[in-house]
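The values are calculated or read from the model by the stated rules, or taken from the named source; none is laboratory data. Keep in mind that this is a model prediction, so the values were computed, not measured. Backbone-built Cβ (ideal geometry, glycine too); neighbour counts: all protein chains shown.
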Amino acid sequence: MGKRIIQQARGKGSLSYRVRKAAYKFKIKYPMNEGEADIINIIHSAGHSAPLLKLKIKDEIFYNSAFSGAIVGNKIKIGSNDPKEGNILMLKEIPVGTSVYNLEINPGDGGKMMRSAGSSASIFKKNDFNKVVILMPTKKEIVLSGDCRATIGIIAGAGRLLKPFIKAGPKFYKMKTRNKLWPRTSAVKMNAIDHPFGSGRGKRIKPKIAKRNAPPGARVGHIRPRRTGRSK
C-alpha cells in the first residue's frame, strides 16, 4: 500500500507542515492618507528578507520595506512630487531613471513587486496613455498604470546573500520559520512508494503527463500540456 507523498502532507496542514503565524504578522501596504509619515521603528520580520519600517501618518500605522539609509525618527512624504529616498509616489510623478521598489500591479493593491532585500527596478519611459514602462533587474520591461504607487530607493539588506549559512542548523530554522520545504529531495531519487517519479532501473527520466482528474499530490509532471511528443 502506498503512502501520501510530501505534497499531500504539506497541503493538509498538519503540525509538521504549518507556518508560524508570527512570521507573517506584519503586512506590507500603502496608507490611504497623504502627507508626512514618521519612521517609528525598524523591525526584523522572519517572513521577509528585508527589514521593515513601522510608519505612522496621522492616526494610521502601516509597514513598508526599509530603504537603504533609513533612520528612526526621519520623515517620509506620501503623495508629494519630491523624488527623495523613501517617499511614496505614483509612477507618473517619478522622474525617468529613478530606482523604485514595492510596486503596485494595480492601483491601490498596496505593493506586490520588488520586495526582496537589495532589489530595485527603475523607471524606463512614459507615454501619453498614463502608462509607465518599468525596467526590471532581469532587463525585462513591464508596463504599469501611472496611478500605481511605488517607493523611491533601494531596499535595505543588499548584503544578505554575501553571508552564507555555513551550517545546516541555521538553514533549517530559517526555512522552518517561513514554512519552506528543506532539505529538498529529487523525485527520481525516491522509491516508487514515495513518489510517482520514484524508482526506475538506471534512473532513466521520462516525461510524465498528469491525468486531468488526478488528486492533489498525484498531479505531478506536465499538467494539461498543450502538446506532447517530439516536435517535427
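Below is a table of values for the structure above.
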| quantity | calculated |
| --- | --- |
| Residue match in segment 36-57 (condition: farther than 20 Å from GLY111 by Cβ, hydroxyl-bearing (Ser, Thr, Tyr) and touching a helix residue (DSSP H, G or I) at 6+ places or on another chain (Cβ under 9 Å)) | no |
| Residue match in segment 168-189 (condition: among the β-branched types (Val, Ile, Thr), over 19 Å from GLN7 (Cα atoms) and part of a loop (DSSP other than H, G, I, E, B)) | no |
| Flag for PHE197 being farther than 18 Å from GLU104 by Cα, touching a residue at least 12 places away in the same chain (Cβ under 8 Å) and aromatic (Phe, Trp, Tyr) | yes |
| Selected residue (criterion: surrounded by the most Cβ atoms within 10 Å (Cβ to Cβ)) from residues of segment 144-197 that are at positive phi and out of contact with any Ser or Thr (no Cβ under 7 Å at 6 or more places or on another chain) | ASN179 |
| Residue that is farthest from TYR63 (Cα to Cα), among those in segment 109-147 that are in contact (Cβ under 8 Å) with a residue 60 or more places away in the chain and not hydrophobic (A, V, I, L, M, F, W, C) | GLY118 |
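Yes/no matrix, rows are residues, columns are (1) part of a strand (DSSP E or B); (2) within 29 Å of TRP182 (Cα to Cα); (3) modelled with pLDDT of 95 or more; (4) not polar (S, T, N, Q):
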position: ALA22; (1), (2), (3), (4): no, yes, no, yes
position: MET32; (1), (2), (3), (4): no, no, no, yes
position: SER49; (1), (2), (3), (4): no, yes, no, no
position: VAL72; (1), (2), (3), (4): no, no, yes, yes
position: ASN81; (1), (2), (3), (4): no, no, no, no
